[in-house]
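In what follows, a structure is listed as structure tokens, so that the remarks can point back to it.
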């Protein structure tokens, strides 16, 4: 049977028994942004890893080595943020094609180090090896967290308000500009920067992790259209999303209007946003969003709510129900 | 500058400042088989990672999926053994070309799980992604150890006896049989098995880790000719190796004699042996080797001793000094 017949999530389902067999109590393997291992009575270790392969995840002539280094670490730090944790150390495995120049690697490391220093993460080790064709990057990040602050994908409760810690769609818009070789005006450059240098929302994740009113959390890596399905699966719930409430940047609005792109599609399914999505106990959601804004000086955006209808992700645009297909948003049929 | 101009170890030297900048006390990054992070007053965590890339590290039509899964985990467990530690959990990142069949992956996982169960290691998570061309495997293993039992590469002292926990050269011989498509008689099959299913010497590593007479330890992954250089660098010492003392299996002797291969070259530089090399305080070395044999029912082989001549790795064959060049062993010029 070909992989394409079962897809990435089918593959994960098929192999998940290998990852859960006989786990000790309190050890948590797949199903969330990080694995969790208790360290002592109060604290747990978080572990996450991401593999980036040239041509599958990036085009080496379309991203600077600094940005690639920065992004390779950022996507892992975002997984630690998604649980509410603090990243501590990173390990880099790199498969290097022989034609790569040493100076390129110097700049790649500079990009990793820039973000590592900003976030107090130590690059502790890894593996350096030769690759025949593609550049391959695998980063592992270890983090820590007070066990009582861990936020799982499984914590959402019907009635919870679904919130985003940042705008969505910029990264997907940036990728589309790169792939279609569009002209690089100021707005387009901002979108590409969002795609190449996503900021992991570590401080926001810490803060939300400490709030008992936050029930579920994850990072937005595949786009909310896909990532909310993960919360629905783990929490056995549904979600209503108000498309007109999705936080969309002025630059995305400008670029979409210029090229006739649908900003709601990019916001919901563009992917690689790396902000956080969380669900908040409804009676306390206004209090939490107000305190969040006071703390961070930017908004925690309510975009919808959790429902009891298992696996039903429904979009609304100004009261009208919509569905997202591969051809974009349609009126609900 | 091309990578080939500085080589793998030149690259590691160039990038090591990125891995050591501002590390907290007691945290130990590159330079050993694992990174070390203190967990509490008594214990430390060990972290190791290895990346295996199709065509660079294995040929997919020359190794069964079960063996590839087994070996991918084994090489990481060997790094934990090399410090004296206990492996605890593993994380697998895998980049999968679309033409790989699901059944192939089932067998690959079966191989990983076979060794994971044997060694009480939990496969806890990872990343599954698509690769355009080659199969890519990155495994991270976390382990633990009593901090006082950690063995470093830097502990060797002039006069120490250098010992091996197993025979060397079988794996290199197996690789040569595969690459030259030699006939698969019984001996050849044993060598190939040594190449495909290396046994990580975890129990031996634990036992040696607990002995205060063992000063330095590492696993033999590149072959002792290269790996002893790592001990010499870290311990600022030299090594004398008695070639005729290298433990060589009957099957390697038979195959080498059949094809006219030099068994000393394979034993010293074949690589991927995954036994352990350690240095033992000379006055206690006989006691340690005797107790080792009592404990494990196989020999701890003394193969030479540590000298004060920094970076001098000298081989002797029956009292005669030899050098190993890329053309093989030569009389010392």
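The values are calculated or read from the model by the stated rules, or taken from the named source; none is laboratory data. As the structure is a computational prediction, the values presented were derived from the model and not from experiment. Here the Cβ is made from the backbone with ideal geometry for all residues, glycine too, and neighbour counts use every protein chain on show.
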ask   = For region B:147-192, which residues satisfy the criterion of being in contact with a helix residue (DSSP H, G or I) (Cβ under 7 Å, 6 or more places away or on another chain) and without any contact (Cβ under 8 Å) to a residue 40 or more places away in the chain?
value = B:174, B:192
query = Does residue B:93 meet the test of being within 9 Å of chain A (Cβ to nearest Cβ) and within 12 Å of residue B:50 (Cβ to Cβ)?
reply = yes
request  = Kindly list the number of the only condition in (1) on the phi < 0 side of the Ramachandran plot; (2) not in a strand (DSSP E or B) that fails for residue B:31.
outcome  = (1)
request  = Please verify whether region B:122-138 includes one or more residues that are more than 14 Å from every other protein chain (Cβ to nearest Cβ), assigned to a strand (DSSP E or B) and modelled with pLDDT of 95 or more.
outcome  = no
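Return yes or no: is residue A:15 farther than 25 Å from residue A:205 by Cα, modelled with pLDDT under 85 and surrounded by 14 or more Cβ atoms within 10 Å (Cβ to Cβ)?
Values: farther than 25 Å from residue A:205 by Cα: yes; modelled with pLDDT under 85: yes; surrounded by 14 or more Cβ atoms within 10 Å (Cβ to Cβ): yes.
Yes: the conditions hold for residue A:15.
Any residue at all in region A:263-278 that is more than 20 Å from the chain's Cα centre (by Cα) and farther than 20 Å from residue A:81 by Cβ? Talk me through it step by step, then tell me what you get.
From region A:263-278, those more than 20 Å from the chain's Cα centre (by Cα) are none; that's our starting set.
So far as region A:263-278 goes, no, none of its residues is more than 20 Å from the chain's Cα centre (by Cα) and farther than 20 Å from residue A:81 by Cβ.
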key: Some residue of region A:58-81 being surrounded by 17 or more Cβ atoms within 10 Å (Cβ to Cβ) and modelled with pLDDT under 95   = yes
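Every residue, every condition in (1) facing chain A (nearest Cβ under 7 Å); (2) over 30 Å from residue B:103 (Cα atoms); (3) within 23 Å of the chain's Cα centre (by Cα), yes or no:
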{"position": "B:10", "(1), (2), (3)": "no, yes, yes"}
{"position": "B:39", "(1), (2), (3)": "yes, yes, no"}
{"position": "B:51", "(1), (2), (3)": "yes, no, yes"}
{"position": "B:54", "(1), (2), (3)": "no, no, yes"}
{"position": "B:63", "(1), (2), (3)": "no, no, yes"}
request  = Assess whether residue B:102 counts as being in contact with a helix residue (DSSP H, G or I) (Cβ under 7 Å, 6 or more places away or on another chain) and buried (at least 24 other Cβ atoms within 10 Å of the Cβ).
outcome  = no
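Report yes if residue B:25 is part of a loop (DSSP other than H, G, I, E, B), modelled with pLDDT under 80 and touching a strand residue (DSSP E or B) at 6+ places or on another chain (Cβ under 9 Å), otherwise no. If you could, list the steps in order and put the result at the bottom.
On the way: part of a loop (DSSP other than H, G, I, E, B): yes; modelled with pLDDT under 80: yes; touching a strand residue (DSSP E or B) at 6+ places or on another chain (Cβ under 9 Å): yes.
Yes: the conditions hold for residue B:25.
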